[in-house]
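Structure record follows, encoded as structure tokens.
Each reported figure results from applying straightforward, stated rules to the coordinates on display, with no laboratory input. None of these values were measured; they are calculated from a predicted model. Every residue, glycine as well, gets a Cβ built from its backbone with ideal geometry; the counts of neighbours run over all protein chains shown.
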Amino acid sequence: MPPTPSSPLLLAGLLAGAAVAHAAVPKPFDAMVPASLPGTPRGWTYASGAAELVLAAGVAHPRSRRVAALVTAAFFVGVLPAHVKMIVDARHGSPVHLAAAVGRLPLQVPLVLWARKVSRSATSR
């Protein structure tokens, strides 16, 4: 049976894919890291990618799915400042980059709702 849009495995795949992107092509993610955070942007890029990988594993496994999906929802909320920074940085750039940055921000809402739905539908074992 193919995964449904609310599938926990599809969410886990999205998280794992994002984690790989953070490691394989870190530069765009580095640019999203707010300057107010301590350390280097690359450190935050790798840390967030590692977090996504851990969350992917947690969401994929039925025994940890409920908690991992809730933490995933919180993670999606936690990266909102990075998306806001993208918009601020793109204000004086090309209209295409600005439109892409603005378009990404509202996509966080369905991601949060998806993770919450996966958490609610998880069975406790």
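Assorted remarks:
- Checklist (1) closer than 18 Å to residue 15 by Cα; (2) exposed (fewer than 15 other Cβ atoms within 10 Å of the Cβ); (3) touching a Ser or Thr at 6+ places or on another chain (Cβ under 9 Å) applied to residue 32, failing item: (2)
- Residue list for segment 47-64, restricted to those being part of a helix (DSSP H, G or I) and farther than 15 Å from residue 14 by Cα: 47
- Flag if residue 104 is surrounded by fewer than 16 Cβ atoms within 10 Å (Cβ to Cβ) and either touching a residue at least 24 places away in the same chain (Cβ under 8 Å) or assigned to a helix (DSSP H, G or I) (or both): yes
- Looking across 35, 73, 23, 18, one residue alone is assigned to a loop (DSSP other than H, G, I, E, B) and among the hydrophobic types (A, V, I, L, M, F, W, C). It is 35.
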